[in-house]
Every structure is written in C-alpha cells, then in structure tokens.
Amino acid sequence: MIKQPVPLADRPKSGSAEGGARARSLTLELFTLRWDPLPRMTRPRWLARLPHVLVGYVAVLCGFLTTAQLSDEYHVTGGPPLVVALTTGVSIALAMFRPLAGWWLALLAAGAGAWVMYAHVGQSQPWPWTPVGLFAFAAVILLVALRVPPRVTIAVVLVSLACDVLAEILLKPEHSTSTVAGAALLFGFTGVLGYALRALRLARGELVEQETLTEEERSRRTLLEERSRIARELHDVVAHHMSVISIQAQVAPHLVENPSEELKENLAGIRENALEALTELRRVLGVLRSEHPDDPANPHHPQPTLAELDGLVDNVRGAGLDVTVEVAGVRRALTPGVELTAYRIVQEALSNCLRHAPGSRVEVGIAYGPRDLHLCVANTAPSRPAPPSHGAGHGLLGMRERAGMLGGELAAGPRPEGGYEVTAVLPMDPQDLSGGSSPETKRKS
C-alpha cells in the first residue's frame, strides 16, 4: 500500500523547530512596547496612586544622584551628565506605563553613562555602572518584572548582564572595578522580587474573581431554594383546589333532579381530568418537598394564613422584641396564594428584626384596600449590637420573589430616623391584575 505524504503543516515539529519558535516569540515580546500601566492599590482606596508617587519620587531622586555622582566622583561636567541623568529618570517613569520601552531606554542611558565617564574612571572606580546607575536600573527591572511573564523577566536580566559582560571584555578601562557580580546579584534579586509580587497580585485577582463567582452562585442557589420553597407551598394550595373540583364534580349529579346523560358524562369527565391533574401534580411537584420524596414520614402540613399572624407575633414578642400590630380596612379572607405570601413576608421581616435589630420596637401594619393588600414592617434602631449572623443573608430576595410572583411590589431600605422598613403591595386578585385574561375574554364569559 502506498502511503499518502503528510502535509508539512500537519507534521510534528522537531525540537529545534519548537526552540526556534519560542526564541522568535520571546524576541517579539522583548520588542513589544505595549501600554501596560502599573496597577493601582485596591485597599485602601485613598492610597490607590501611592505606587505611582513612589516611582516618580525614585525617578527624580535617581536623576539628581546620577548628576551628582558623575560630577563629584568622576569629575564629568557640562551637558552630558545632565542628558544621562534625564534619560535615567525618564526611563524609570516610562517603565510605569510601558515597561519594556522603559527598559530599552534604561539600557540606552546606561550605555551613554558608560561612554561619558569612560575617560574619567579613576583607580578602583566601578564601570560601566555607577552605584546610582545600578540601583536605578534595578528599579526598572523591578517594574518590568511586575507586568511581564517570567520568561521575559529572565530574558531582560540576562540581556542586561550580557551587555555588562561585553562592555567589560571589550572596553574596560584600566584600574576600574568590575560591576558584573554586583549587577548579577542586584538584578537577579529584583527580578525574583518582581516575579513574586506579580504572582501575588495575580493570585489575589483570581481570588477576588472566584469570590465574586462564589457569591453569585450562592445568590443563584438561594434564589432557587426560595423558589423551590414557594413551589412546595403553592403545591398544597393548588392540590386543595383540584381536590375540591373533583369532589364537586362527583356530587353535582346528585343535586339535580333527573340529570341528563350528557351532563353526567361531562361531570364525570371533569372529575377524571381533575383526578388525573391532581395525580400528575403530586408526582411532579411532590418531589420538591424533600430530598427523599418517597419517605412516608414526610408530613403535609396546611399552609399558614394571616389568621395565624397573632401567634407569630406572640412568638416574636417572647423572643424579646416589642411588636405592635395595626390592621386597617375591612379584614376579609383572601385567595390562598395572597394569604400565604403575606404571611411569609411578615414572617421573614420579623425574623430579620430579631436577627439584625435586637431590642428595637417593631410596627406591623396591614391595610386591606379595595384591590390591594398593603403590608409594612418597620423597626427602630437596635438598642444593642446585633450578634454575628452566619446565614446567606438573602431574605429580601425571597420576599421579592413572592411579591413578584403575584404581580405585586416590595421595597426595603433604611429609615431616615434610623432603623429599617419593609413595605409590600399585593394584588388581592393576582389573576386579573397579571393579565391572565384579556378584556375580550372576560366580556365573552
């Protein structure tokens, strides 16, 4: 069998080819003079620009010290020392925003300084770096290592040391002192320090991002748990009504004298559909009751209503809160969904008062309007510090879910005079207010 030739693009690369690709990539990164500003401090906020101020101060200080050292120790005067000092300071400042561009400019400043003081090097004086030049260049390497990958930092340090070695091999003045050892130690230390600080900054950024994602996931999970709880409670309400429909359809033929066969068939069909819907409802939504839905020990309790509000308030008073209740309007029975939602909102608001406002006075207001039920739970400022709470702190989320489910509104926030207030408006007939039936359908019915 003749083998088909493998295209060059699909052939595995040899070790030399991969090494060449890496070298080209590293070279391109060394000459990438992209904008990469020095990160600000996140905490505290008022010190956000402190690193930039410190680097600016170091740039000015190194510029002055370079001029002073060239004139005092190497006896170089005139314009060249000023040019070298200015280039040195500018390279440090530039490295705050374009690190590799600052490094190239610092190399240029170091070469200019070595050329300026070449003829003035005395006995045992360092060359090609001055002491100030070494520390100024180390500051640039530190700023580079804070922003670039480790391989680029290593390349920057090695290229800088290679320039030092070549200068001393080819152009070293007589009686001068070598700076290779000192430069290797200082540049290597600043490179490692910059890498460590960069790794720490990246780790903190990832940690903050992970904490944000975790908080979002916790909020999403809490929302799903609250919706599951609401679904479990509404399951009881819907199941009750379906049971009533089934019983009424069964009893209706006995309440009519000589019912027709057509009526009996229709009522029997209604009862069968109600029983089938009730069975499906229990099968699907009953799973939400427990992690073990088949557990026979899992009881079904009737859902609370506003008629049981007095017992809830008594329990809260027994826990140490001063609670007063005011009811306005004509108190009347509401739909089970509205009753349950109103009770749960008041219950959660009172629980928040117990948890976050110990010793406060709480006022519970319930107003029955023509079409809406108004709720208000307000508390004064706490009289003693609240104990630490280990909960997820998403009670307001659940209350808003319940109110929004009925087409109502809920607002919560601090009071101007201190304390906290939760208000809700619930429509008494959620089906009509939610737009479930169009006006034409109502007129036809």
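The values are calculated or read from the model by the stated rules, or taken from the named source; none is laboratory data. Quantities reported herein were computed from a predicted structural model and do not represent experimental measurements. Backbone-built Cβ (ideal geometry, glycine too); neighbour counts: all protein chains shown. For the accessible areas, the whole protein counts, side chains as well, though only heavy atoms, and no ligand, DNA or RNA atoms are used. Shrake-Rupley method; radii C 1.70, N 1.55, O 1.52, S 1.80 Å.
Observations on the structure shown:
- Complete set of residues in the range 80-110 that are open to solvent by 40 Å² or more (accessible area, probe 1.4 Å) and assigned to a helix (DSSP H, G or I): Pro80, Leu82, Val83, Leu86, Val90, Leu94, Trp104, Leu105, Leu108
- Selection within the range 320-346 - part of a loop (DSSP other than H, G, I, E, B), farther than 16 Å from Tyr368 by Cβ and over 36 Å from the mean Cα position of the chain (by Cα): Gly320
- Tabulated pairs, the range 361-375, first on the phi > 0 side of the Ramachandran plot and buried (at least 16 other Cβ atoms within 10 Å of the Cβ), second in a strand (DSSP E or B) and at pLDDT below 90, C-beta under 6 angstrom, 6+ apart or interchain: none
- Number of residues in the range 168-201 that are over 40 Å from the mean Cα position of the chain (by Cα) and farther than 22 Å from Val132 by Cβ equals 3.
- Residue among Val157, Val165, Val152 that is in a helix (DSSP H, G or I), more than 43 Å from the chain's Cα centre (by Cα) and β-branched (Val, Ile, Thr): Val165
- Contacts under 7 angstrom Cβ, first residue in the range 301-324 being over 21 Å from Glu339 (Cα atoms), partner open to solvent by less than 20 Å² (accessible area, probe 1.4 Å) and not in a loop (DSSP other than H, G, I, E, B), 6 or more apart: Arg317/Val323; Leu321/Cys353; Leu321/Val362; Asp322/Val362
- Enumeration of residues in the range 24-42 that are modelled with pLDDT under 80 and open to solvent by less than 70 Å² (accessible area, probe 1.4 Å): Met41
- Criterion (more than 30 Å from Ala136 (Cβ to Cβ), in a helix (DSSP H, G or I), at pLDDT below 75 and of a type outside the set (Ser, Thr, Tyr)) met by exactly one of Arg227, Arg271: Arg227
- Restricting the range 79-114 to residues that are of a type in the set (Phe, Trp, Tyr) and closer than 15 Å to Ala138 by Cα, the residue that is nearest to the chain's Cα centre (by Cα): Trp103
- Candidate set: the range 125-142, residues that are aliphatic (A, V, I, L, M), under 40 Å from the mean Cα position of the chain (by Cα) and open to solvent by 10 Å² or more (accessible area, probe 1.4 Å); chosen: the one nearest to Leu65 (Cα to Cα): Ala139
- All positions within the range 397-416 that are out of contact with any strand residue (DSSP E or B) (no Cβ under 7 Å at 6 or more places or on another chain), under 15 Å from Gly337 (Cβ atoms) and aliphatic (A, V, I, L, M): Met405
- Annotation note: of Glu217, Glu206, the sole residue that is out of contact with any Gly (no Cβ under 6 Å at 6 or more places or on another chain), modelled with pLDDT of 75 or more and open to solvent by 90 Å² or more (accessible area, probe 1.4 Å) is Glu206.
- Hits in the range 172-196 (condition: open to solvent by 80 Å² or more (accessible area, probe 1.4 Å) and either at positive phi or modelled with pLDDT of 90 or more (or both)): His175, Leu185, Phe189, Val192, Tyr195
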